[in-house]
Amino acid sequence: MKKWNRKKMEHRRPAVCGGLMAAWALCFALCGCAEAGGQEQEQEEMQQEQTDTESLGAFDHESAADARVDIPALQEENPDVFGWLYIPGTDIDDPVLQSEQADDYYEEHNALGEESEEGALYTELANGKNMCDFMTVVHGKCSADGTEGQFSQLYQFLDRDFFENNPYAYFYIDGNLLTYCIFAAYEREDTSLIRSYDFSYLSGCQQFLDDFYGDRQMGKNLREGWEGLTPSHFLVAFTTTRGSGKQLVVLGALVGDAAGTIERAVIE
């Protein structure tokens with residue numbers, strides 16, 4: 001069984017990969033840049049890469065950067081897929097899943113459902129798949145040194161300049177495109193955000209907001225104009241950790257609902 005190859009998912013453009021492979025092969029053939037044996041080995045490696053790419057099925061052809069996300073097609077590969085997250089300025093351009101087997105199933109399985117240390121982006125069963133909760137929490141991995149993992153580049157949002165210059169995240173669900181303004185990035189204790197507050201009740205939503213605005217820690221980025229959130233907003237939290245006892249949280253607020261389907265009644 002083939003492993004999920006993260007590199008195949010990053011910011012593809014239609015026909016670019018195949019075109020580059022053909023160009024490389026032609027260059028070696030015409031310019032004599034490699035010995036015959038080297039040419040054969042290079043061609044074999046490119047053919048193997050093409051085979052690996054084809055094995056990813058629908059996943060390989062999707063990229064929100066190219067506005068090409070077909071959720072039903074992805075669900076044919078894995079029915080746990082319910083969305084696609086794209087954050088410009090980063091390499092985050094990946095499917096989001098939710099498992100009925102266990103909340104943390106995709107900590108150790110890739111988007112194809114295969115066992116993998118890389119894991120996949122996922123939400124827990126406490127969140128609906130329609131993105132209508134007050135707070136949807138999306139989890140992803142990051143290595144201890146911060147260089148590997150699908151959510152490793154989230155740490156760039158702790159840099160003030162990067163934070164200011166990259167304000168949006170896009171979440172595709174079947175039949176809709178949701179736009180979120182990234183309004184905060186900070187670190188908190190490494191505990192489950194979704195278990196720390198009962199977001200199904202107004203009181204739990206308000207408690208989170210009170211704690212969030214009451215936390216004046218150094219290094220916390222807060223976008224100007226987002227000081228008055230209420231439980232009537234729709235938020236998304238992208239979370240990861242480098243294993244230091246701290247959890248990174250990048251928060252976004254819904255500012256675009258293309259299909260107009262996002263609504264919720266908050267329980268008092």
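Out of segment 157-188, which residues are acidic (Asp, Glu) and either out of contact with any strand residue (DSSP E or B) (no Cβ under 6 Å at 6 or more places or on another chain) or closer than 9 Å to residue 252 by Cβ (or both)?
Taking segment 157-188 and keeping what is acidic (Asp, Glu), we get 159, 161, 164, 174, 187.
159, 161, 164, 174 - these are the residues of segment 157-188 that are acidic (Asp, Glu) and either out of contact with any strand residue (DSSP E or B) (no Cβ under 6 Å at 6 or more places or on another chain) or closer than 9 Å to residue 252 by Cβ (or both).
Of everything in segment 168-194 that is β-branched (Val, Ile, Thr) and surrounded by fewer than 17 Cβ atoms within 10 Å (Cβ to Cβ), the residue that is farthest from residue 236 (Cα to Cα) is 191.
Search segment 116-158 for residues being part of a helix (DSSP H, G or I) and of a type in the set (Phe, Trp, Tyr), and hand back the single one that is surrounded by the most Cβ atoms within 10 Å (Cβ to Cβ). So that I can check it myself, show each step before the final result.
Going residue by residue through segment 116-158, those that are part of a helix (DSSP H, G or I) are 152-158.
Right, trim to of a type in the set (Phe, Trp, Tyr) and you get 155, 157.
Numbers: 155: 19, 157: 24.
By that ranking, first place goes to 157.
What residue, among those in segment 237-268 that are among the hydroxyl-bearing types (Ser, Thr, Tyr) and part of a loop (DSSP other than H, G, I, E, B), is modelled with the lowest pLDDT?
Keep residues of segment 237-268 that are among the hydroxyl-bearing types (Ser, Thr, Tyr), which gives 239-241, 244, 261.
From what's left, part of a loop (DSSP other than H, G, I, E, B): 244, 261.
Values: 244: 81, 261: 94.
Top of the filtered list is 244.
Considering segment 82-115, and only residues there that are charged (D, E, K, R) and without any contact (Cβ under 8 Å) to a residue 60 or more places away in the chain, the residue that is surrounded by the most Cβ atoms within 10 Å (Cβ to Cβ) turns out to be 103.
The values are calculated or read from the model by the stated rules, or taken from the named source; none is laboratory data. These numbers were taken from a predicted model, which means no experiment stands behind them. Reconstructed Cβ throughout: ideal geometry from the backbone, glycine too, with neighbour counts over all protein chains shown.
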